[in-house]
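All remarks here apply to the structure that follows.
The values are calculated or read from the model by the stated rules, or taken from the named source; none is laboratory data. Predicted, not measured: the structure shown is a model, and the values here were computed from it. Virtual Cβ from ideal backbone geometry, glycine too; neighbours counted across all protein chains shown.
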Amino acid sequence: MKGKFHSSGGLGTALLALLVILPCLANGQLPPPPVPPPLGDSEALSQVMGDFFRVPVPLIKELEGSVPIPSLNLPVVLFIAHHSHVSPHLLVTWRREGRTWLEIAGRLKLPPTIFFLPLPEGRLGPPYGRAYGYYWKHKKDKKVPIILSDEEIADLVQLKICTSYFGLPPRQIISLRSNGVRFSQIYGQEYRKRHGPAGGEFMAEVESRKRVDLWPAAG
């Protein structure tokens, strides 16, 4: 019975395929290609990171398997590697040894201001309010160090990525984050939204924006 079940299932699939293909052949047309399923949030994040930093997808996958919570740490790894010209594998090693992102940036002579997207002063909700409030208050006093947590650095970096890659207004992203929307969800939603009929046009826009003064650092 088990063998007959699989045989009938295979026959049913074959018949269904014929029902789709035969009308096309009769009209001299090729059957339409199957529609691929939309990318999940994690796959969209990988694609965005690869596109944005021009890193091969196999390397992205390798790094995802070596860093804890890739949705938080992978963008920071690639961001710091881009600015410092240091191997992302070395950054992962330092991270796994227990160093904070602020310590790693300091070791590479990267100032904390590099993580900030220039924004007009004003009230910001979490998770940006504390970081920007502290920065705006002390930005003119170089003697006061800017202290950022790993989570704040991850949020600041991804704010830069989303505004540059998707062309989203910073305040829109901040509002989404203040309402509990994760960055992985933002990547997934925005990437899928743009990869409909206008996907090619969107990718052309991305190519024109990438690596063109992407990282204006707050002064």
- Can you name the number of the only condition in (1) at pLDDT 95 or above; (2) β-branched (V, I, T); (3) farther than 19 Å from R182 by Cβ that T113 fails? (1)
- Message: So for the range 131-142 (the condition being closer than 26 Å to N179 by Cα, modelled with pLDDT of 90 or more and under 19 Å from the mean Cα position of the chain (by Cα)), does at least one residue qualify?
- Response: no
- Query: If we only count helices (runs of 4 or more DSSP H) wholly inside the range 151-219, which ones have 1 or more residues that are at pLDDT 90 or above and of a type in the set (A, V, I, L, M)?
  - Reply: 170-178, 183-194
- Could you list all residues from the range 108-138 that are surrounded by 13 or more Cβ atoms within 10 Å (Cβ to Cβ), part of a helix (DSSP H, G or I) and not aliphatic (A, V, I, L, M)? P112, T113, F115, G129, R130, Y132, G133, Y134, Y135, W136, H138
- Pair list, Cβ < 7 Å and 6+ apart or interchain, from the range 123-152 residues that are over 21 Å from S71 (Cα atoms) to residues that are among the acidic types (D, E): W136/E121
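Which of the residues spanning the range 87-117 are under 20 Å from the mean Cα position of the chain (by Cα) and not basic (K, R)? Working first, answer last.
From the range 87-117, those under 20 Å from the mean Cα position of the chain (by Cα) are 87-89, 91-92, 95, 101, 114-117; that's our starting set.
Within the range 87-117, S87, P88, H89, L91, V92, W101, I114, F115, F116, L117 meet the criteria.
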- Query: Would you pick out the residues in the range 163-183 that are crowded, with 18+ Cβ neighbours inside 10 Å and without any contact (Cβ under 8 Å) to a residue 12 or more places away in the chain?
  - Reply: none
